[in-house]
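Everything on this sheet refers to the single structure shown next.
The values are calculated or read from the model by the stated rules, or taken from the named source; none is laboratory data. These numbers were taken from a predicted model, which means no experiment stands behind them. Reconstructed Cβ throughout: ideal geometry from the backbone, glycine too, with neighbour counts over all protein chains shown. Protein only, heavy atoms only, side chains kept; ligands, DNA and RNA dropped before computing areas. Shrake-Rupley method; radii C 1.70, N 1.55, O 1.52, S 1.80 Å.
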Amino acid sequence: MQRTMTSALELDKVLALLAAEAATADAADAARALQPSPYLAEVERRLQETDDASRLAAGFGLPSFGRVKNVKGMLARAAAGARLSLRELLDIGEFLRVLRSLSEWRAHCEGLQTTLDDRFEALTPNRYLEDRIQTTVLSEDEIADTASPALADIRRKIRAASSRVRDQLDHMVRSPAYQKFLQDPIVTIRGGRFVLPVKAEHRGDVPGLVHDTSASGATVFVEPIGSVEANNEIKVLTAKEEAEIDRLLLALSAEIGGFGETLAVEYDLLIELDLIFAKASLAYRMNAQKPAVAADGVIVLKKARHPLIDKKTVVPIDVTLGETFDTLVITGPNTGGKTVTLKTIGLLTLMVMCGLLPPVGDGSRFSVFDRVLCDIGDEQSIEQSLSTFSAHITNIVRILEQADDKTLVLLDELGSGTDPVEGAALATAILERLRAQGARIAATTHYAELKAFAIQTDGVENGSCEFDVETLRPTYRLLISVPGRSNAFAISKRLGVDDELIARAEALVSGDDRRLEDVVVRLEERRQSLEKALAEAEEKRLQAENEGRRTLEQLAKARMEQEKLLEDAKAEAARITERARRQAEALLGELEDMKKKAKSGGVGEAKSALRQRLKEMDEAADPVQKAPKGEYRLPRPLKVGDDVEIISIDKKATVLALPDKNGMVEVRAGIIQTRVALSDLRLIERRSAAKSGGVSRQTTSRAERSAETELDLRGYASDEGILLLDQFIDNAVMAGLPALTVIHGKGTGVLRAAVQQHLRRHPSIKSFRLGTYGEGESGVTIVELK
């Protein structure tokens with residue numbers, strides 16, 4: 001391939017960014033060595049893997065790859081029978097931990113099937129081996145006592161022998177007879193044996209073996225004769241400890257070697273997954289997405305951004321190549337973005353062929369190519385005695401030798417560096433040759449002849465980088481089908497060149513060039529006019545869409561409100577029907593009473609009562625609630641204990657305290673205690689009550705009995721609640737109800753216990769139970785009547 005793509009199109013810099021996202025060193029190396037694939041199936045697989053990793057990361061976060069090191073060499077040595085070091089065992093243990101972590105992470109990513117599932121399923125956590133390493137090796141310098149019973153016993157004996165020797169030497173250190181011979185009153189170790197630091201001049205006063213001397217020679221380290229045997233015992237035990245550790249490490253290494261081949265394959269899978277998730281992480285940072293991809297030579301870039309330019313400053317571009325034209329000639333001023341456009345096309349194509357998601361908008365598509373050839377930048381070489389023009393031509397010769405119908409060619413400043421007339425002619429001939437070979441071409445130039453070539457030739461299209469003459473700055477927007485203007489005269493005039501000089505320069509321009517420039521000017525004016533009209537039309541379209549969306553939302557909201565009103569009406573109708581049914585049943589009882597009274601001569605009174613009851617039933621069945629007419633006044637001053645109705649919320653309550661100076665009354669409605677304005681209360685007169693045995697019982701006819709199926713006792717004391725419960729059960733029995741619901745709340749459980757104790761003794765109760773989920777749970781009791 002002509003020129004190293006990684007340097008010409010800066011793919012190497014993107015791969016360096018990818019390597020920085022990898023967690024493991026091997027995955028980072030694989031990222032830097034990544035090569036574009038010319039095969040469509042492989043590119044599609046790579047892109048799908050990256051997209052699947054992005055979706056997993058977006059839904060469940062990135063998996064952790066820890067600090068895994070390359071363990072394949074360690075596994076091979078273990079399989080060959082070598083003993084692994086503690087550091088190597090810890091590295092393998094970390095690898096096994098990460099394997100298990102990855103497997104568990106994927107298990108938690110439920111409901112999402114991906115192309116990565118085969119790799120995750122091939123990861124087989126080895127918890128046994130992981131635990132063996134973890135319980136055996138504490139650090140790269142220490143084996144655990146629990147690694148084997150023999151090691152634990154040896155170390156226990158070493159600690160006991162060491163303690164005896166230290167006690168013996170500590171006794172000598174504290175002894176006045178020896179203190180004067182010691183350099184320091186301490187016990188130290190030399191050569192694995194406990195010794196005392198003795199002054200050199202008193203070496204003969206402390207019988208024992210000399211193991212070392214200080215650098216100055218003033219101190220000798222003496223092992224007293226009395227501790228030699230104990231030190232020997234420690235030395236023997238230490239040798240046994242080392243032998244046992246060596247045996248343990250050999251056994252553990254052999255176990256690891258038995259899994260060597262499987263673990264080596266799983267390590268390769270882990271590196272692959274690390275690289276794929278690094279691609280996903282880079283895609284997130286670039287705000288990239290998966291494009292369509294084919295092998296038809298068509299490139300459609302929408303809102304494409306160069307990945308190495310700051311996202312906050314880069315100007316997205318729209319580019320097409322290969323659909324209606326195979327060659328794009330880009331013109332425009334210097335620093336206007338022509339070269340960046342070429343690099344964006346080439347770099348994003350190479351990224352896609354590497355399986356990296358490109359920073360493009362919806363609707364973008366790419367093609368895979370066998371070769372991406374480019375001549376970008378100044379190739380002047382002093383060592384090879386090549387001028388800029390010679391260097392460009394040398395590259396182009398190689399490109400011409402390799403280009404075919406599966407090649408993307410990018411040429412920057414084609415034909416520059418030599419005589420303009422000859423350079424333009426040569427550039428035209430090069431484009432004609434490359435087109436004949438079937439290549440897809442994007443080239444930049446300043447030559448007016450190439451603009452004319454693009455206008456006159458089918459399959460060749462002009463493009464230009466827009467330039468704002470007013471601000472003398474490029475906008476970096478790429479305009480397709482519009483040849484670029486040189487803007488040299490306009491820029492010179494803005495910078496202060498006088499009109500006479502500008503006019504003379506314009507006169508020197510050839511007629512053909514002047515006519516071409518006039519055409520370009522008219523095209524530019526027409527483009528700007530059409531672009532403005534298009535922007536206005538787009539704005540109106542968006543406004544219409546927003547209005548339509550708001551209308552649909554309002555219709556949906558109205559439909560929901562209508563459905564809610566209908567549901568509420570159905571529920572209210574059901575309540576009215578149930579109430580009417582209960583009253584009808586009570587009315588049957590009234591008719592029975594009427595028959596009895598007819599026999600005793602009270603027919604007129606019975607008929608009157610029946611008509612009144614029918615009138616009440618008719619009013620109760622009316623779903624239209626009539627607001628009270630006129631201003632309501634309390635018939636008498638309120639008293640503590642009065643039953644009242646809170647008018648604003650249609651809720652019954654009990655008076656707890658008389659009105660204060662502000663007219664606020666303290667009341668209790670159910671379990672809620674609050675203060676209400678006196679004007680918001682309506683007095684509920686209680687029916688006459690007959691005293692019996694000191695208990696006030698309400699006397700009602702059978703037709704007036706309440707036959708509700710639910711009783712709310714929250715806020716009542718136990719004795720009050722039991723009285724209300726008795727009356728509630730009696731009414732339900734008379735109405736023939738099969739089941740009741742008693743609401744006592746959860747609270748401390750006192751009221752619940754009293755209710756259930758009373759229900760156990762009540763003769764009309766068949767069974768009862770606490771509510772289930774959705775019924776109120778332990779806050780209610782469901783009662784079944786006999």
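Once the piece of chain linking residue 29 and residue 85 is laid out straight, how much longer is it, given 0.36 nm per residue of separation minus the C-alpha distance between them?
Residue separation times 0.36 nm, minus the Cα-Cα distance, leaves 17.6 nm.
Which aspartates and glutamates have a Cα lying under 13 Å from the Cα of residue 157, excluding residues fewer than 8 positions away in the same chain?
Straight-line reach from residue 157, under 13 Å: 145, 233, 241.
Net charge around residue 321, counting only other residues with Cβ within less than 9 Å of its Cβ (Lys, Arg = +1; Asp, Glu = -1)?
After counting each charged neighbour, the total is -2.
Mind ordering 35-43, 495-503 by average Cβ neighbours within 10 Å, highest first?
35-43, 495-503
Apply the Karplus parameterisation 6.51 cos²θ - 1.76 cosθ + 1.60, with θ equal to phi minus 60°, to every residue of region 240-256 and state each ³J(HN,Hα) to the nearest whole Hz, in sequence, with x for glycine and proline.
5, 4, 5, 5, 5, 5, 4, 5, 4, 5, 5, 5, 5, 5, 5, 4, 5
Ignoring ligands, DNA and RNA, what accessible area per residue does region 233-275 give at 1.4 Å, in Å²?
Accessible area per residue: 46 Å².
Over every pair of different alpha-carbon atoms in region 170-239, take the mean of 1/r and invert it; report that Kirkwood radius in Å.
Over region 170-239, the inverse of the mean reciprocal pair distance is 12.2 Å.
Starting from the alpha-carbon convex hull of region 1-126, give the projected area averaged over all orientations, in nm².
10.3 nm²
In region 151-202, carbon and sulfur make up what percent of the accessible area (probe 1.4 Å)?
53 percent
Using amide H atoms built in the peptide plane, which far-off residues or other-chain residues are under 5 Å from residue 194 H to H?
Long-range HN contacts for residue 194: none found.
Residue by residue, what Karplus-based ³J(HN,Hα) values in Hz, rounded to whole numbers, does region 726-740 have, using 6.51, -1.76 and 1.60 with θ = phi - 60° and x for Gly and Pro?
For region 726-740, the Karplus-derived couplings read 4, 5, 4, 5, 4, 4, 5, 5, 5, 7, x, 6, x, 8, 9 Hz, x marking Gly and Pro.
List the residues whose amide H sits under 5 Å from the amide H of residue 320, counting only those 5 or more places along or on another chain, with H placed 1.01 Å from N in the peptide plane.
Those lying under 5 Å, H to H, from residue 320 are 301.
Using each residue's phi in region 144-160, evaluate 6.51 cos²θ - 1.76 cosθ + 1.60 at θ = phi - 60° and report the 3J(HN,Hα) Karplus result to the nearest Hz, with x for Gly and Pro.
Couplings: 6, 4, 7, 4, 7, x, 5, 5, 4, 5, 4, 5, 5, 5, 4, 5, 5 Hz.
For region 285-375, which trypsin sites (Lys or Arg not before Pro) are both in a DSSP coil and crowded by at most 14 other Cβ atoms within 10 Å?
311, 312
Roughly what percent of Cα-Cα pairs across region 303-347 reach past 14 Å?
In whole percent, the share of Cα-Cα pairs in region 303-347 beyond 14 Å is 53.
Specify, per residue and in Å³, the volume enclosed by the convex hull of the alpha carbon atoms belonging to region 158-296.
In region 158-296, the Cα hull volume divided by residue count equals 244 Å³.
Which entries of 290/540; 302/338; 570/652; 13/279; 303/338 have Cα-Cα distances beyond 22 Å here?
Exceeds cut-off: 290/540; 570/652.
Rounded to the nearest 0.05, what FRET efficiency do residue 734 and residue 760 give with R0 = 25 Å and r taken as the Cβ-Cβ distance? Could you check?
0.70
Give me, ordered by chain and number, the residues 5 or more places off residue 477 or on other chains with an amide H under 5 Å from its own placed amide H.
466
Excluding residue 710 itself, what net charge comes from residues whose Cβ is under 14 Å from its Cβ, given Lys and Arg +1 and Asp and Glu -1?
Spelling it out: positives minus negatives among the neighbours equals 0.
In units of 2.2 N^0.38 Å, what is the alpha-carbon radius of gyration of region 103-143?
1.70
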